[in-house]
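Take a look at the structure below.
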Amino acid sequence: MCISSRRLSYNIIGTIGKTNPGDTPQPTGSARSAESRGESAVFFLDAATFELSQIWVEDDGTSLPGTPYFQGSSQSGYFMAATNEAVFEAQFPDAVQLIWYLEEVTP
């Protein structure tokens, strides 16, 4: 997904087909917004800690760090990413900031 700091301070994290780093954002197929565009290559892995960081690429090729949040309840909600934490937290005061880690699971 592509987040624009000029329009919004956040975006909802959802599914999208695979894109390569730096690709032009692609249509997400969102029923909420026909204009929703995004990308899939948005994570950076710290190999020492296995922590995942989000990197969002703007239409002009610049990138912004993203901070993951969950907004909702145990029944329903959204995983969201913020590019401006102060603005996001003012809009969604009940959202919980997350830290994501990659964990290998073997069968």
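Readers should treat all values here as calculations from the given coordinates under stated rules, not as data from a laboratory. As the structure is a computational prediction, the values presented were derived from the model and not from experiment. So basically every Cβ, Gly included, is an ideal-geometry build from the backbone, and we count neighbours across all protein chains shown.
Going by neighbour counts of Cβ atoms within 10 Å, the residues SER76, SER63 line up, fewest first, as SER76, SER63. Note on LEU102, LEU64: ascending count of other Cβ atoms within 10 Å places them as LEU102, LEU64, the fewest first. Note on GLU85 and SER73: the model spin-label points, each 7 Å out from Cα along the C-beta direction, lie 2.8 nm apart. Remark: VAL57, VAL96, VAL105, VAL87 ranked as VAL105, VAL96, VAL87, VAL57, counting other beta-carbon atoms within 10 Å and listing the fewest first.
Residue separation of LEU102 and ARG37 scaled by 0.36 nm, minus their Cα-Cα distance, works out to 20.9 nm of gained length.
The GluC sites (Glu not before Pro) of segment 64-107 meeting both criteria, a DSSP state outside H, G, I, E and B (loop) and at most 11 other C-beta atoms within 10 angstrom of the site's C-beta, are GLU103, GLU104.
Starting from the Cα gyration tensor of segment 10-101, take the square roots of the eigenvalues, sort them a ≥ b ≥ c, and report rounded, prolate or oblate (rounded when a/c is under 1.5, otherwise prolate if a/b is larger than b/c, else oblate). In terms of gyration-tensor shape, oblate. A simple spin-label model places the labels of THR62 and LYS18 3.1 nm from each other, with each point 7 Å out along Cα-to-Cβ.
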